[in-house]
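A quick write-up on the structure given underneath.
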Amino acid sequence: MSLSISGSILEISDVQQIKETFKKREFVLELTENPQYPEFIKFELIQDKCALLDAYKVSDRVTVHFNLKGRKWTDREGKVVYFNSLQAWRMELEGKPHQAASASETTAPIETLSEPGWSTEGGEGDLPF
């Protein structure tokens, strides 16, 4: 499930090496849609996405694209616990779109026809099919 939201970066954590093959980095976004009751949303970046935060600093206004992840876990006593995480996968400075590969690098040029492939002459009622 892919979502996006905009706000100001409030905190940026260091990269945490959880296991030898797994690392994550967290940050907090402050949302001020209602300034009387600001919201503080914690996101995580995993693996190679941890480096995304290197380009940003606290107080930057950003748009975060993220996936909502939910997991089920059973503890040692057999109690089932559910938890959610917000995994960011792209970030953009507000007002500056993400610098992805240019369209010419990712798609072939589109051919345009100078004139339609059917005749427009012949009067009304002449349908091309």
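Observations, loosely collected:
- Residues that are part of a loop (DSSP other than H, G, I, E, B) and surrounded by 10 or more Cβ atoms within 10 Å (Cβ to Cβ), drawn from the stretch 13-32: 13, 15, 32
- Breaking point among (1) surrounded by 12 or more Cβ atoms within 10 Å (Cβ to Cβ); (2) assigned to a loop (DSSP other than H, G, I, E, B), for residue 35: (1)
- For the stretch 1-50, the set of residues classified as in contact with a His (Cβ under 8 Å, 6 or more places away or on another chain) and modelled with pLDDT of 95 or more is empty.
- Filter result (surrounded by 12 or more Cβ atoms within 10 Å (Cβ to Cβ) and of a type in the set (D, E, K, R)) within the stretch 60-94: 60, 61, 69, 90, 92
- Residue among 7, 70 that is among the small types (Gly, Ala, Ser), within 15 Å of the chain's Cα centre (by Cα) and in a strand (DSSP E or B): 7
The values are calculated or read from the model by the stated rules, or taken from the named source; none is laboratory data. Just so it is clear, the model here is predicted, and its values are computed rather than measured. A quick note on method: Cβ atoms are made from the backbone with ideal geometry, for glycine too, and the neighbour counts reach across all protein chains shown.
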